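The block underneath contains the structure these notes are about, expressed in structure tokens.
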Amino acid sequence: MDKGPGDEVSSGTVNQFGSFDMEATRVGEDSSIQRMIRLVQSADARKAKIVGVADRWATWIVVIALATAVLTWFFTGEPMRAVTILVVFCPCALVLATPTAIMAAIGNATKHGFLVREGDALERLSAVKKLTFDKTGTLTYGTPQVVSAVSFTKEYGEDEIFELAAAAESRSEHPLGKAVVRSLKEQKKKEVMPADEFEMIPGRGVKSVVKGKKILAGTPELLSENGILMEEWHRREAEIYLNQGCTVIYLSEGNIPAGFLALSDTIRKEAGEVIERIKEIGSEPVLLTGDHKSAAMHIAGQLGIMEIHAECLPEDKLNWVNTYEEEKKRVCMIGDGINDAPALKRAFVGIAMGGIGSDIAVEAADIALVSDDIKEIPHLLALSKKMMSTIHYNLFFSMFLNFTAIILAVTGILNPVVGALVHNAGSLAVIINSAFLLKWSAK
């Protein structure tokens, strides 16, 4: 956003170019960044912690094993049977069932670019019903690009409008000006024409002379202040792109409107496939963004996201996550910015973009996507569910083996040596089954 004299700026934002004098109106605990930190802390205090089921079961199994061994010795008078019970009923396989699967799944996630910061994050992720996405930097690249060039006159084609605008913006420090120059080089594979008499007008745009022609590039106010009036159909043409959430840079040559460029934060090429795969896995994608409703709806429409919440402040994102949690809908929040940090912390699972993400967002999240490659998110979601099914199988197998072995030990069929072999075989089977997660891949 462009800021001018009298506008408010929040602590934690970044000035892209130029310099300005700032008066602090709120300091210390009242500053924006401190309020954000308090939101993160309050969200953390309300986050549930999961206790491993296997650990609780193992405690009772030890008590049951000791009691059964004593009773068997008392009623049969054979200490060997009691010793066999203690050997086969030691809950090693049960205790190994959960951590081996979790560590194997974490190893798998690491190979796919995820840094799992919380040990039980994958366990929680398997129960998620809604995946809430921030838009900018998560579903989009987070950098504006020229998506269309429109000419108002037969004298210039669309490519020529693009080239004139890039030449006029060639010395600009403004992010949009840099985006125009970068887009020409990347999309058209052309070099920028030289420009003379460059002048930047803060909050308005730029003036330049390109090939002897006076070029203005910027806002409608820049053109009108220089006596260049656009017709109604010019504004209607631009309105089409503005309704899609684009930013428009108007262009004039001499004293006539020449056309405009529409810039937009483009969707990641893999985003559509990611959303479809998430739906197939059984989770519901939600768009939770601070952008205007028109931009949010345009992006959501392209991706097939039905639930949209636009113009969200950090507090609003946090409140939406709270609402879902109160409705018993487990939420995974995926974001990258400082404004996502409270929601990342409060969500049942938080995933932050590790490359472009802010430090506070990564710190608040349970999982960091180091490569920023969102196409791996469906794999992580499916992996968490596979991990839980592996854990459940391990638990069932270990419990079945233990109780079968105890029955055989009580009846005298198993001796301590065979019992030890059965016990170790059970532990080995659980470890091998968990190890398959290391190379597991969702089909």
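The values are calculated or read from the model by the stated rules, or taken from the named source; none is laboratory data. Because the structure is predicted, anything quoted here is derived from the model rather than measured. Here the Cβ is made from the backbone with ideal geometry for all residues, glycine too, and neighbour counts use every protein chain on show.
Being buried (at least 18 other Cβ atoms within 10 Å of the Cβ) and among the polar types (S, T, N, Q): is that true of residue 294 here?
It is false that residue 294 is buried (at least 18 other Cβ atoms within 10 Å of the Cβ) and among the polar types (S, T, N, Q).
In region 304-315, which residues are of a type in the set (D, E, K, R), over 12 Å from residue 132 (Cβ atoms) and out of contact with any Gly (no Cβ under 7 Å at 6 or more places or on another chain)?
Answer for region 304-315, where residues must be of a type in the set (D, E, K, R), over 12 Å from residue 132 (Cβ atoms) and out of contact with any Gly (no Cβ under 7 Å at 6 or more places or on another chain): just 315.
If you go through region 171-183 one residue at a time, do you hit one that is assigned by TED's automatic domain parsing to the domain that holds residue 430, among the β-branched types (Val, Ile, Thr) and surrounded by fewer than 21 Cβ atoms within 10 Å (Cβ to Cβ)?
no
Residues of region 292-314 being part of a loop (DSSP other than H, G, I, E, B) and farther than 13 Å from residue 139 by Cα, which ones?
292, 306, 310, 311, 312, 313
Given the conditions (1) over 16 Å from residue 170 (Cα atoms); (2) surrounded by 13 or more Cβ atoms within 10 Å (Cβ to Cβ); (3) in contact with a strand residue (DSSP E or B) (Cβ under 8 Å, 6 or more places away or on another chain), report the number of the one that residue 198 does not fulfil.
Looking at each condition in turn, residue 198 falls short on (1).
Within region 420-435, is even one residue modelled with pLDDT of 90 or more, buried (at least 23 other Cβ atoms within 10 Å of the Cβ) and of a type in the set (S, T, N, Q)?
Yes, the conditions are met somewhere in region 420-435.
In region 340-350, which residue that is out of contact with any Gly (no Cβ under 6 Å at 6 or more places or on another chain) and not small (Gly, Ala, Ser) is surrounded by the most Cβ atoms within 10 Å (Cβ to Cβ)?
Residue satisfying both the conditions and the ranking: 340.
Given 377, 432, which one is without any contact (Cβ under 8 Å) to a residue 24 or more places away in the chain and either outside the structural domain of residue 278 (by TED's automatic domain parsing) or farther than 29 Å from residue 277 by Cα (or both)?
The conditions single out 432.
If you take the residues of region 310-339 that are modelled with pLDDT of 90 or more and among the β-branched types (Val, Ile, Thr), which of them is surrounded by the fewest Cβ atoms within 10 Å (Cβ to Cβ)?
The qualifying residue surrounded by the fewest Cβ atoms within 10 Å (Cβ to Cβ) is 323.
Inspect region 151-159 for any residue being among the acidic types (Asp, Glu), buried (at least 20 other Cβ atoms within 10 Å of the Cβ) and over 24 Å from residue 340 (Cβ atoms) and give the result as yes or no.
No - not one qualifying residue is present in region 151-159.
Of the conditions (1) touching a helix residue (DSSP H, G or I) at 6+ places or on another chain (Cβ under 9 Å); (2) farther than 14 Å from residue 94 by Cα, residue 421 clears all except one; give me its number.
(1)
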